[in-house]
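Accompanying notes for the structure given below.
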Amino acid sequence: MQITILGKSPSWADVGGACSGYLIESSETKILVDCGSGVFGKLRERIDYAEVDAIVISHFHGDHCLDLMPYAYALAYSPRWSPDNPPPRPRLIVPAGGSELLCQIAGVLGPGDAIVDAFDVSEYEPQDAVAVGDFELHFCHVPHFIPTFAISVTAGGEAGRFTFGADCAPNQALIDFAQGSDILLIESTLRVPEDDGPRGHMTATEAGAHGRAANVGRLVLTHIPDELDQAVSVAEASEAFGGEVTLASEGAVFHC
Ligand SMILES: [Zn+2]
Ligand SMILES: [Zn+2]
């Protein structure tokens, strides 16, 4: 499978960047993991949005889902569609309870049914295995400020396993879930840990330690603001990981 970083910004966009969005492709199947603000335009730079088989959402913070609205508008209103060329209706796979949330989000920004009409929406529970083409998706609840799920993608045959940690505080569940992944894409939002209240994010050192404990083949850092010195994040994560760590720069492509 091929993984393309469409956006790696945290909850505000990097200069010229986009928030969370990762395109995963095989020869048969294309899925988009998260569709945060700015991601739809980045997706269009890579492929035709009508070719996406499914979008899967880790959680409903805006930096992970807000571009579902322009995506839905494109599927509804693009001048390319006609009775002879109707729009596709890609699958939209969201956490349990997400259909109602999609209506609430869309209802604030425009017609409440805009997203659920444009996509074929289904909800997942963390124990579910969801097949999309030749990919299989698995989920793991991780600690964040709202219900949030790490996502792993496997493909048949010799292909590898890709795990996206979503947004989360340090936790054992992600280490267990990601165990042995070929690639772990992990957030490292912070320079130092949050010092009061419940935690929802990781430092680069913590991200590196998670990759080491999970015995992953390759560790890729994401969800880092460009206003941090990202070279320091990579150095700190590499030291904790015990090997080279990569920064998820926009447009970067990985294979596993
Ligand atoms: Zn986020
Ligand atoms: Zn979040």
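The values are calculated or read from the model by the stated rules, or taken from the named source; none is laboratory data. As the structure is a prediction and not an experimental result, all values here were calculated from the model. Every residue, glycine among them, receives a Cβ derived from its backbone with ideal geometry; neighbour counts consider all protein chains shown. To get the accessible areas, we keep the full protein, side chains included, count just its heavy atoms, and leave off ligands, DNA and RNA. Shrake-Rupley method; radii C 1.70, N 1.55, O 1.52, S 1.80 Å.
Given a 1.4 angstrom probe, I'd like the percentage of the accessible area of the stretch 2-255 that is carbon and sulfur, rounded to a whole number.
Percent of accessible area from carbon and sulfur atoms in the stretch 2-255: 52.
Over the chain, DSSP H runs of length four or greater, each weighted -39,500 (n - 2.57), average out per residue to a 222 nm ellipticity of -7500 deg cm²/dmol. If you take all other residues with their beta carbon under 13 Å from the beta carbon of residue 72, and give Lys and Arg +1 and Asp and Glu -1, the sum is -3. Mind telling me which of 215, 171, 85 comes out most flexible in a GNM of the chain, alpha-carbon contacts under 10 Å? Maximum among the listed residues: 85.
Using C-alpha pairs below 8 Å separated by at least 6 residues, the relative contact order for the stretch 2-255 is 17 percent. Probing with 1.4 Å while keeping every protein chain in the model, the per residue accessible area of the stretch 13-163 equals 41 Å².
By the scheme Lys and Arg +1, Asp and Glu -1, what is the net charge of all other residues having a beta-carbon under 9 Å from that of residue 120? Summing Lys/Arg as +1 and Asp/Glu as -1 gives +2.
I'd like the trypsin sites (Lys or Arg not before Pro) in the stretch 17-103 restricted to DSSP loop residues with at most 12 other Cβ atoms within 10 Å, sorted by number. Here the sparse-neighbourhood loop sites are 80. For the chain, set up a GNM with springs between Cα atoms under 10 Å and report which of 112, 36, 21 has the largest fluctuation. Looking only at 112, 36, 21, the largest GNM fluctuation is found for 112. Where a ≥ b ≥ c are the square roots of the eigenvalues of the C-alpha gyration tensor, would you call the chain rounded, which needs a/c under 1.5, or, failing that, prolate if a/b is larger than b/c, or oblate? Cα axes put the chain in the prolate bin. Take the Cα of residue 122, go 7 Å toward its beta carbon, and the backbone nitrogen atoms of the stretch 84-101 under 14 Å from that spot belong to 90-96.
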